1. Would you work out which of Gly176, Phe109, Leu207 lies farthest towards the positive end of the dipole of the chain, given +1 charges on the beta-carbon of Lys and Arg and -1 on that of Asp and Glu, about the Cα centre?
2. Strictly over 20 Å apart at the Cα level, which of Lys208/Lys246; Lys50/Lys246; Lys50/Lys179; Lys220/Lys254; Lys151/Lys246 would you flag in this model?
3. How much of the DSSP bridge set in the chain is antiparallel, in percent, rounded to the nearest 5?
4. Residues with amide H under 5 Å of Ile191's amide H, sequence separation 5 or more or different chain, H placed in the peptide plane at 1.01 Å from N; which?
5. Please list, ordered by chain and number, the residues whose modelled amide H lies under 5 Å from the amide H of His82; skip anything fewer than 5 residues away on the same chain.
6. Just grab the label-to-label distance for Gln70 and Thr223, each label 7 Å out from Cα along the Cβ direction, in nm (one decimal).
7. Between Ser134 and His55, what is the FRET efficiency for a Förster distance of 25 Å, r being their Cβ-Cβ separation, to the nearest 0.05?
8. From the backbone phi of the range 39-55, what are the Karplus-calculated ³J(HN,Hα) couplings (6.51 cos²θ - 1.76 cosθ + 1.60, θ = phi - 60°) in whole Hz, Gly and Pro given as x?
Amino acid sequence: MSEPLLPLVADPYELEESIDADEIVLVDLSRAPVYARNHIPGAVHLDYSKIIANHPPVMGLLPSENDLSQVLSLIGISADNHVVAYDDEGGSKACRLLWTLDVAGHQGFSLLNGGLQAWINENHPVNNQAEDISPSDYSLTYSNSAVIADKDYILSHLDDASVTLVDARTPGEYEGTDKRAQRGGHIPGAINIEWARAIDQQRNLRLKSRSELLSLYAGKGITPDNEIITYCHTHARSAHSYIVLKYLGYAHVKGYPGSWSEWGNDPDTPVE
């Protein structure tokens with residue numbers, strides 16, 4: 001596709017105007033009972049567990065290329081589709097799918113701004129019936145490694161002033177008072193901006209305005225001239241931060257799969 005059908009962050013009214021386009025595939029990552037009760041007409045359900053791989057204690061890793069290819073093929077996604085993802089929990093699961101598509105070099109994707117809450121609360125049409133799915137044959141590779149940071153990459157850039165780490169977890173997790181791994185704390189030098197701070201609770205879980213978001217990040221010294229690496233505990237919340245930064249025009253952003261579930265459970269990694 002030469003031009004995306006929708007912007008990276010698409011408002012419900014923009015989606016409704018384009019919803020009948022053949023190229024669009026709607027993917028609902030809400031909980032299964034929520035999907036069964038109400039979903040956007042035509043949306044296919046995708047269980048979040050299908051797009052991650054867990055090797056305890058390390059969670060939230062990328063699945064194999066073959067496994068992800070099968071998962072996406074079963075819900076009818078092809079290389080030339082524009083994928084619009086949403087969920088019912090603020091967008092972190094949807095954004096993890098979009099980051100994964102970015103890793104695979106998929107060209108067209110959008111986050112539905114506000115997700116299911118905005119769609120329903122603003123009286124857009126919904127469906128509670130099963131959707132017809134035409135499986136595809138999508139054979140993908142993780143061709144865009146530029147958007148991945150692994151543990152070794154981060155270790156080698158801890159003292160690099162041109163690289164900024166953004167910790168999308170809660171302040172308690174960042175400070176180590178809420179310990180969810182063998183060790184609490186954060187990666188040395190990381191800046192804590194909890195992912196949910198980007199969400200406007202008064203506007204049906206949409207992102208805050210562009211100016212508010214730019215101020216949020218710039219106020220913490222996170223500037224577009226640096227390479228940014230986002231992480232949380234399993235790279236779901238930080239995938240949301242990744243999409244927000246891309247939306248703001250940050251050109252060099254990476255996500256850390258495994259995140260603190262890997263770093264915090266490794267006795268050899270440095271911790272603050």
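1. Projecting each Cα onto the dipole axis, the largest value belongs to Gly176.
2. In this structure, Lys50/Lys246; Lys50/Lys179; Lys151/Lys246 exceed 20 Å between Cα atoms.
3. Around 20 percent antiparallel, to the nearest 5.
4. Result for Ile191 returns Leu165, Val166, Asp167.
5. Ile24, Val25
6. In this crude label model, Gln70 to Thr223 measures out at 4.8 nm.
7. Values: r = 33 Å, r/R0 = 1.32.
Efficiency for this residue pair is about 0.15.
8. For the range 39-55, the Karplus curve yields 9, 5, x, x, 6, 9, 8, 10, 5, 3, 4, 6, 10, 10, 10, 10, 10 Hz.
Taken together, the values in this text are just the output of simple stated rules run on the coordinates, not laboratory data. Everything numeric in this text was worked out from a predicted model, so none of it was measured. Positions of Cβ are generated from backbone atoms using ideal geometry, with glycine treated the same way; all protein chains shown enter the neighbour counts.
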